[in-house]
Amino acid sequence: VVGDAALRRSPRHGWVPGGHWDAALRGPAAAVAGLLGATGAFPDPAPYVFSTQLGHELALHGLPGADDEVLLRGDPAGTADPDPAAGWSALWFAPGTDTLTAVLSVDRPRDVGGARRLLAGATLPVLDRARAADPAVPLARTLAG
């Protein structure tokens, strides 16, 4: 089974639900390669979903865990920034670490691109939380070290 009805194993995220059109596009090639005994790395895109709800653009990249710690980037109430298009993001970190597991962006397209890049590496990224909390700092520039 591939696509919407399947789970896939991600080295970064563990078991990832396949309920997304992207899984239906990428899953068959990986399944066939596995059946034919191909070796090597298979593509491991970060799980993501996006939607427009009540006039807001939402995008979730990664897979947040139930015990993950959440850091807000921007103001969800919209009171700190007079620009109504400023948006905000929520960043999930593995418990007790600075390892990013997921990013939810609401009306913040700059963070969508940053989240996609950060979560595309071979391992989950480690961020500087103080920089990550600052909405003026591009998300892709918040890597620790």
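The values are calculated or read from the model by the stated rules, or taken from the named source; none is laboratory data. Predicted model only: the values in this text are computed from it and were never measured. As a convention, Cβ positions derive from the backbone with ideal geometry for all residues, glycine included, and neighbour counts pool all protein chains shown. To get the accessible areas, we keep the full protein, side chains included, count just its heavy atoms, and leave off ligands, DNA and RNA. Shrake-Rupley method; radii C 1.70, N 1.55, O 1.52, S 1.80 Å.
Can you give the local net charge around Gly62? Use residues other than it whose beta-carbon is closer than 13 angstrom to its beta-carbon, Lys and Arg +1, Asp and Glu -1.
On the way: positive: Arg12, Arg116, Arg117; negative: Asp44, Asp68, Asp111.
Summing Lys and Arg as +1 and Asp and Glu as -1 gives 0.
Per residue, the solvent-accessible area of the chain (1.4 Å probe, heavy atoms of protein chains only, all protein chains present) comes to 58 Å². Using a probe radius of 1.4 angstrom, the carbon and sulfur fraction of the accessible surface of the chain is 62%.
Taking the longest Cα principal axis of the chain as reference, the axis of helix 21-35 is set at about 30 degrees.
Summary value for the chain: 18 percent relative contact order, contacts being C-alpha pairs under 8 angstrom separated by 6+ residues. The alpha-carbon atoms of the chain define a convex hull whose volume equals 120 cubic angstrom per residue.
Given the -39500 (n - 2.57) contribution per DSSP H run of 4+ residues, what per-residue ellipticity at 222 nm results for the chain, rounded to the nearest 500 deg cm²/dmol? Show your work: numbers first, answer last.
On the way: 3 runs with 30 residues, N = 145.
Calculated at 222 nm, the ellipticity per residue is -6000 deg cm²/dmol.
Counting only Cβ charges, +1 for Lys and Arg and -1 for Asp and Glu, the dipole size of the chain around its Cα centre is about 520 debye.
Result for the chain in a Gaussian network model with C-alpha springs under 10 Å: among Ala24, Ala46, Ala38, the largest mean-square fluctuation is at Ala38.
For the stretch 81-145, what D do you get in µm² per second when you plug the Kirkwood radius from alpha-carbon pairs into Stokes-Einstein at 20 °C and 1.002 mPa s? Intermediate values should be presented prior to the final figure.
Details: Rh = 12.0 Å.
The Stokes-Einstein estimate is 179 µm²/s.
When all protein chains stay in place and ligands, DNA and RNA are ignored, the 1.4 Å accessible-area order of Leu127, Leu54, Leu36, Leu60, largest first, is Leu54, Leu36, Leu60, Leu127.
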